[in-house]
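Have a look at the structure below, then the notes.
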Amino acid sequence: MAEIKLRDVHKSFGKVEVIKGVNIEIKDGEFVVIVGPSGCGKSTLLRMIAGLEDITQGTLEIDGVCMNDRQPKDRGIAMVFQTYAIFPHMTVRENVAFGLTINKIDKATRDLKVDEAARILQMENLLDRRPSELSGGQRQRVAIGRAIVRNPKVFLFDEPLSNLDASLRMDMRMEIGKLHQSLNASMIYVTHDQVEAMTLADKIVVLNDGKVMQSGSPMELYKEPANMFVASFLGAPSMNFINVEVHDINEENVTVYNPTLSPIKVPHKGRDISKKSQAILGLRPQYLRLVEPSDGILNGKVILTERLGAETIVEILLKDGKRVIAAISEDQILSNGKEIGLQFNPKQVHLFSSEDSKFLSENRK
Amino acid sequence: MISPGFGLIVFFIILPFLSAIILSFTNQRLISPNPTEYVGLANYKQLLSVGVLTLDPKRNSNGAVVRDKNGALKYPRLRNFTRNNPQYPHIKGMRELFSWNVGDNQRTYILARDVVFIKAVINTLLFVLIVAPGQGGLALCLALLINQKLRGINIYRAIYFMPVVVSIVVVSLLWRFIYDYESGLLNNLLSSLTFGAFESVNWIGDTDFALGSIIVMSIWQAVGFHMVIWLSGLQTIPPSLYEAARIEGASKWQTFRYVTWPGLRNTAVLVFVVITMQAFALFTQIDVMTNGGPLDSTQSIVFQAVERGYGKQDISGGSAISVLLFVMVLCISLLQRWLTQGRS
Amino acid sequence: MSMPNNPDNYGLRLVTRYVVLTVIAIIFAFPLVFMIMSSLKPDQQLLADTSSLKAFLPVGDISFQNYENAFSRVPVGLFVFNSMLVTSVTVVLSLFVCSLSGFSFAYLKWRGRDLLFSIILATFIIPFETIAIPMLLITSKLPWIGLDGFSIGWLNTYRVQIVPFIADGLTIFLFVQYFKDLPVELIEAARVEGTTWWQIYRLIVIPLSGPVLATAAILKFLVMYNQYLWPMIVVQQEEYRPVMVGLQYFFQTFTKGGIAWGEIMAYLSMITVPVLAFYLYIQRAFIASVAATGVKG
Ligand SMILES: Nc1ncnc2c1ncn2[C@@H]1O[C@H](COP(=O)(O)OP(=O)(O)OP(=O)(O)O)[C@@H](O)[C@H]1O
Ligand SMILES: [Mg+2]
């Protein structure tokens, strides 16, 4: 169990700065998921916590002790790699026991711990196999088993499921969730799969280009994204953005419109905003409803429908040439070219400044 | 962890090499009563000095050119110019390397102070220029041939590789017998197979054939090694690429040109670098088979370095040759690197 | 393309391929067959046979007389022992030292690493023969502390044939290449588990390095077993001479005329055939490992 603090952490490879001042606090037993697009520095951040990369600037504390110059083994961490990294020349048992063997734990204790881990991960029958005789999911179990037996204070996962197929990934995701509950250790989990992030995390940290965009509970981030990046990153399909002009402002509401959008009142809280200024309206596809063209706040015609069974994804071409995606929570058949209207609750939209793409409005909870 | 390895390399490769550089600026001999002295670039000047001299034919008192009994023109003796002739100080002590006729009657002579060394350089370059493409290309052909799925192909591959396992000393001695003028296998076999029509060739005793014979033998000995390297390159090319080419209807040559060869780029660089290095180090074949003869037609740079440094105990001269060789190889590898980088 | 749509044509093609392969095989094999056959024949018959295909057949007056003669001219047993001793000790030490250096270059970060590696690569292009003489000067003055006390000068010893060849750029390079291709996560996973670098080397890297160890051993073996110039100049005492230097004993017959080819062929066969036989026995693994350590792509 441990608390982890990253203070203004930077990392440069030569002249290229990859991590540009990151602050994260992780509470004891918390499950933190770091998400972000490919190349944004997630792995680098994790590897700095593990001690596999030097920290160029800033400090890393685990339980109040500065860890910058500690060897990986002295940080009380265990890491699970995307490619499993299990040793091909050792049996599963030897792999799982590796850290214990290295640290000269006696054989009886070793076997006890390995058996315990095997029981938790349901792989008792695999212990005497070689890695080449295992499936992808089984290998990942071995890697996790190797992490468990050492009783680390912190578990680090770097995209542990990305090499697995969809159904296996779901199983393993649930198992990792259960593992967290039973071990109650702090976990840091890197992924670019937002479903993993939403389901597993106590706290999500959204990283982009080496900077933290926002951190908070999954629902906080989903409902109150701090900026357009976070808004578009979480939620599938991605949030729709529409350019609008501010028409009127009062204590409670901002009225915005554009040529294809009749004026609507959006709840206003927080930042200053002036009349006639430009803003961006964010609409989640799930909050859009299809109505008759006469009832629509937005009007357009259907250009694509994807029927997923429980959900239907509809792409609509607006009058001004913009495209909007709607996700309808039932199966619907719509012919292409059909004129259609879109309705939504103005209280469920997000408003962003078009200057710095930051959040302007706030949802009513 | 590096220290034992690097220490040994420093001690047994770099240190000897540095001492070769230093020695090349002195007049050190293996065993010498005189103290060693610094002589600057003298050794290099001695090795590298070349000169050009153009002579008019000899004329008799009437001003007509003189011809010998075969009708060839007669020229003044070179010695008159290279020995104690105050008008030609720059070619003092030089000897003829080769010469040819220019214009009407004039003859140009290329002179060198150290004719043997210059010949060694020319022979070595010739050797490299023939062996590098010849052996590399042949090895590729063999690799393509052996890379088919046929029953028993492994046996053929093993046979092609066999000479690599045999010491070059053994190979040289064996081929010395095969090439022998009177009792050699090659001459006797060829003449009996052609019912005497084949005229015996003095393979390693004739200036026209000696270097060529050594080249053939050297390729025979080492080509299997490079075949295996090409083979490993070939096997890294994914079969799906060949299948794609087949679906597109590419001919055999097109498949090679657009699929195989691009996939072999790294291998090609490795093969040619290794062959070039080995070719520049030509020594054992010469030492065992010809000692540089006949008439210096098989002298090589490394053979000269050893012969002077060890045989004639002229350590400084041998060292200077070593340094020159290093500089040449370095230039070529830098050039090679520049060429391969420039293209990618 | 090569579908056997016409069976005759296909059969013919197949035959052509085998003919081509066989002709080339003959070119590679005939000198060695000739060597072995000649070693079994008395000189007179040997020379007569060269003008017919009998040269490649064990026919006529076959005996081991040449071998007996070679044994009486050269202490074959001693030389083979010396070669085996020098070769095996060098191979073992070289694998250890070079793999350790390669490990350091591939995985550890330290100041000046890249510079040092470039220097080691540059030593590739120095042919051994060109530094043999300075090396002779150096080794002749080196001190040594052995069981029999302190001494100066390494000439006429085993160590002068071993120590200079333990580390070389090519072997280190082979190891570095191979190590860099091992998945880096394996090393990192081990580090996270708390291994020392020495444990990573011993428990993770070396067990996974079969092919490169084999290749390095093979290449080193060939270099060491075939040593010629160096022992010739540093070993004057018969006691320490290796097999290739034994050939010198036959060169004397060259100058005296009447070259004893049969005897020479017998000696060549003796020092070559065991290596060849061993090679043919393991050839599949041998070529595979050389190929595996070659280049990727
Ligand atoms: N050793 C290195 N040397 C130089 N640049 C590096 C190194 N490692 C990573 N980078 C760079 O740092 C950036 C971040 O890399 P990182 O691996 O952390 O990305 P990531 O967020 O994990 O991406 P992905 O989701 O694709 O795994 C990338 O632009 C990468 O090119
Ligand atoms: Mg990553």
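Each value in this text was obtained by applying a stated rule to the coordinates, not by laboratory testing. This structure is a prediction, so every number in the text was calculated from the model and none was measured. Note that we place each Cβ from the backbone using ideal geometry, even for glycine, and neighbour counts take in every protein chain shown.
Take the Kirkwood radius over Cα pairs of chain B, plug it into Stokes-Einstein at 25 °C and 0.890 mPa s, and you get 101 µm²/s for translational diffusion.
A straight line joining the Cα centroids of region C:259-285 and region A:284-311 runs 84 Å.
Roughly how many whole Å is it from the C-alpha centroid of region B:259-288 to that of region A:237-271? Taking the Cα centre of each part, region B:259-288 and region A:237-271 sit 72 Å apart. With the largest listed first and rounded to whole Å, the semi-axes of the equivalent ellipsoid of region C:112-233 from the Cα gyration tensor are 34, 18, 15. Can you give the FRET efficiency for C:L137 and C:E239, using 1/(1 + (r/R0)^6), R0 = 25 Å, r = Cβ-Cβ distance, to the nearest 0.05? E between C:L137 and C:E239, to the nearest 0.05, is 0.65. For region C:76-296, the equivalent ellipsoid derived from the Cα gyration tensor has semi-axes of 37, 22, 15 Å, listed largest first.
Taken over the Cα atoms of region C:76-122, the convex hull encloses 72 Å³ per residue.
Give me the inter-chain shielding for C:173-180: mean count of other chain Cβ atoms within 10 Å, whole number please.
Counting other chains' Cβ atoms within 10 Å and averaging over C:173-180 gives 0.
In this simple spin-label model, placing a label point 7 Å from the Cα along the Cα-to-Cβ direction at both A:E355 and C:A122 gives a separation of 5.8 nm.
Between B:R29 and B:L97, the C-beta separation translates, for a Förster distance of 22 Å, into a calculated FRET efficiency of about 0.25.
For the listed peptides A:174-183, A:102-111, B:216-225, a ranking on the average number of other beta carbons within 10 Å per residue, highest first, reads B:216-225, A:174-183, A:102-111. The label point for B:A72 and the one for A:N250, both projected 7 Å from the Cα toward the Cβ, are 11.9 nm apart.
Looking only at other chains, what is the average number of their beta-carbon atoms within 10 angstrom of each beta-carbon in B:140-147?
1
Shape of region A:62-193 from the C-alpha gyration tensor: oblate (a/c of 1.5 or more and a/b not above b/c, with a ≥ b ≥ c the square roots of its eigenvalues).
Rounded, prolate or oblate, given the Cα gyration tensor of region B:50-113, with a/c below 1.5 counting as rounded? Prolate shape, in that a/c is at least 1.5 and a/b is the bigger ratio. Using alpha carbons only, how many angstrom separate the centre of region A:1-42 from the centre of region B:56-75? Here the answer is 93 Å between Cα centres. With each label modelled as a point 7 angstrom along the Cα→C-beta vector, the A:D320-B:S191 pair spans 10.1 nm. Helix B:315-343 axis versus longest C-alpha principal axis of chain B: approximately 50°, rounded to the nearest ten.
Go through B:138-149, B:303-314 and give me the packing order, highest mean Cβ count within 10 Å leading. Write out the running numbers ahead of the final one.
Numbers: B:138-149: 17.8, B:303-314: 22.1.
Final packing ranking: B:303-314, B:138-149.
Normalised by residue number, the volume inside the convex hull of the Cα atoms of region B:201-253 is 98 Å³ per residue.
Among the residues of B:173-184, the average count of other protein chain beta-carbon atoms within 10 Å of the residue beta-carbon is 5.
What lysines does A:K20 reach when the alpha-carbon gap must be under 19 Å and sequence neighbours fewer than 8 apart in one chain are set aside? Here the lysines satisfying the reach criterion relative to A:K20 are A:K5, A:K11, A:K42, A:K211. Grouping the Cα pair distances of region A:213-365 into 10 Å bins from zero gives a pair-distance distribution of 11, 41, 34, 13, 1 percent in increasing distance order. Please determine, in degrees from 0 to 90 and to the nearest 10, the orientation of helix A:166-183 with respect to the longest principal axis defined by the Cα atoms of chain A, where the helix direction is its Cα long axis. Tilt relative to chain A: about 70 degrees. Computed as a quarter of the hull surface, the mean projected area of the alpha carbon convex hull for region C:7-63 stands at 4.8 nm². Using only Cα atoms and rounding to the nearest 10 degrees, what angle (0 to 90) does helix A:107-120 make with the longest principal axis of chain A? Here the helix axis deviates by roughly 30 degrees. For region C:1-96, the spread of Cα positions along the three principal axes, ordered from largest to smallest, is 63, 50, 15 Å. Does region B:1-102 come out rounded, prolate or oblate, given a ≥ b ≥ c as the square roots of the eigenvalues of its C-alpha gyration tensor, rounded meaning a/c under 1.5 and, failing that, prolate meaning a/b above b/c? Prolate is the answer for region B:1-102, as a/c is 1.5 or above and a/b outweighs b/c.
With Cα atoms as the point set, the radius of gyration and Dmax of the protein assembly as shown evaluate to 39.1, 126 Å.
Kindly list the residues of region C:222-239 that lie in the label zone of C:Y281, defined by a backbone N under 20 Å from the point 7 Å along the Cα-to-C-beta vector. From region C:222-239, the list is C:222-226. For the peptides C:264-273, A:48-57, the ranking by packing is C:264-273, A:48-57, with the highest mean count of neighbouring Cβ atoms within 10 Å listed first.
Estimated from the Cβ-Cβ distance and a Förster radius of 25 angstrom, the FRET efficiency linking A:R129 and B:L144 is about 0.05. In terms of Cα atoms, the Rg and Dmax of chain A work out to 24.5, 78 Å.
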